[in-house]
Each structure stands twice: as structure tokens, then as C-alpha cells.
1. Taking just the alpha carbons, could you work out the radius of gyration and Dmax for region 20-102, both in angstroms?
2. Give me, ordered by chain and number, the residues 5 or more places off Leu173 or on other chains with an amide H under 5 Å from its own placed amide H.
3. Can you give me the three principal axis dimensions of the chain from its C-alpha atoms, in Å, biggest first?
4. Kindly write out, for region 148-159 in residue order, the coupling ³J(HN,Hα) from the Karplus curve 6.51 cos²θ - 1.76 cosθ + 1.60 (θ = phi - 60°), rounded to whole Hz, with x marking Gly and Pro.
5. Which of the peptides 102-111, 78-87 is most tightly packed, and how do the rest follow, going by the mean number of other Cβ atoms within 10 Å of each residue?
6. Within a Cβ distance under 12 Å of Tyr63, other residues only, what is the Lys/Arg minus Asp/Glu net charge?
7. Among 90-99, 125-134, how do they line up by average Cβ neighbours within 10 Å per residue, starting with the highest?
8. Given q = 0.12, 0.13, 0.17, 0.20 Å⁻¹, what are the Debye log10 I(q)/I(0) values for region 72-161, with equal point scatterers placed on the Cα positions and solvent ignored?
Amino acid sequence: MNVTETELKGCFVIEPLQFKDDRGYFLETYNQRKFDDFLGRRVTFVQDNQSFSRKGVIRALHYQIGEHAQAKLVRVLQGRVLDVVVDLRKDSKTFGNHIAIELSHENGKQLFIPRSFAHGFVVLSETAEFFYKCDNHYNKASEGGIIYNDSSLSIDWKLPEEELILSEKDRQLPNFENAGI
């Protein structure tokens, strides 16, 4: 397993080793001991979530605040997405910065997103199945979000605006400045 910390401290790209032969492939997607070792602390995941979306769907930019904040380990089971995280830690040197990384079933990459980050993705392939583990249970009263096209974040979603598909809820999200972070 190759683990690389991104420019956002505490956010890691994880590349599991894939063993391929004429039958297919095998990979270990999660190992608590290895995970704890590279993080230098224990994270206990308590909830798994999965979504299926078609090309152009944006599910973004979401976060949980306070005692219900969530760290996530995300990956793609089928298809390709552009995964985006935004640093919401006010005391961080990278507050308000983001990274974007392509996750796919082909590259097998995973992304660990610590608490206090907004997260979202856009589907780049015809369809995609997205899977993630959370270290805290979802709490509706603690959810927040930032509009995907906030000009201060300057996120390149890699698709033309007319191809993007958002829920009505995501269309109503505030900009970064007014997100109440």
C-alpha cells in the first residue's frame, strides 16, 4: 500500500496494491493496523455509505460540524469521479484551499479526508458507484455545505457547466464566505 499525504495536512491518497492474474484481481482496501500506523492515531469507522450516479452528477460540497464532524475514507467501485476536498480548519495554513483527485475503479486510489473538511465529487464516466466509510454517524442538524461553483474556491470540475447535474438542495448551498464555518 502506497500512502501519500496531500498538500492539505492530514488528507492522504492511499493506493492499495493490486494483484492481477487471468482470474481478475485482488486488493486489500482497508486494514485497521496499517491505517492507524500511517495516520499515527486510531480512527474507528462506524458507518459505510454508497451512491450510484450518472455522468455530470455533482454531490458537493458537504460537511458535518461540531461533535458530529466526520472523517471519511472514500473510493470508487465502478467508474470515474473527480473527488474534491476543501480545508475548513480556520487555524490551518491551507484554510479555504482545496485538492481535486481522480478516483476510479481502474486506479484503485482512495482518499482519507479528516474531520473539518468539505467533500464532494462529480461523475466523469457514464456512471459511477462511490463508497465511503465514516468515523461518525450522520446527523442532519450538523450538516452544512458550500455551493460547488463558489468563485473564491475556483474549483475546476472538469466538465462543462451545462453537463452538471445537482440536487435542488445542493443548488441552494451558500458560498464559502457565508457557509457558517
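1. 15.9, 50
2. none
3. Between the extreme Cα coordinates on each principal axis of the chain lie 50, 38, 28 Å.
4. In residue order, the calculated couplings are 4, 9, 4, 5, 6, 8, 6, 7, 8, 7, 6, 10 Hz.
5. Details: 102-111: 17.7, 78-87: 22.4.
Highest mean packing first, the order is 78-87, 102-111.
6. Residues close to Tyr63 contribute a combined charge of +1.
7. Details: 90-99: 13.8, 125-134: 17.8.
Highest to lowest by the protection proxy: 125-134, 90-99.
8. Log10 I(q)/I(0), no solvent term: -0.39, -0.46, -0.79, -1.06.
No value in this document is a laboratory result; all are computed from the given coordinates. As the structure is a prediction and not an experimental result, all values here were calculated from the model. In this analysis, Cβ positions are derived from the backbone assuming ideal geometry, glycine residues included, and neighbour counts consider all displayed protein chains.
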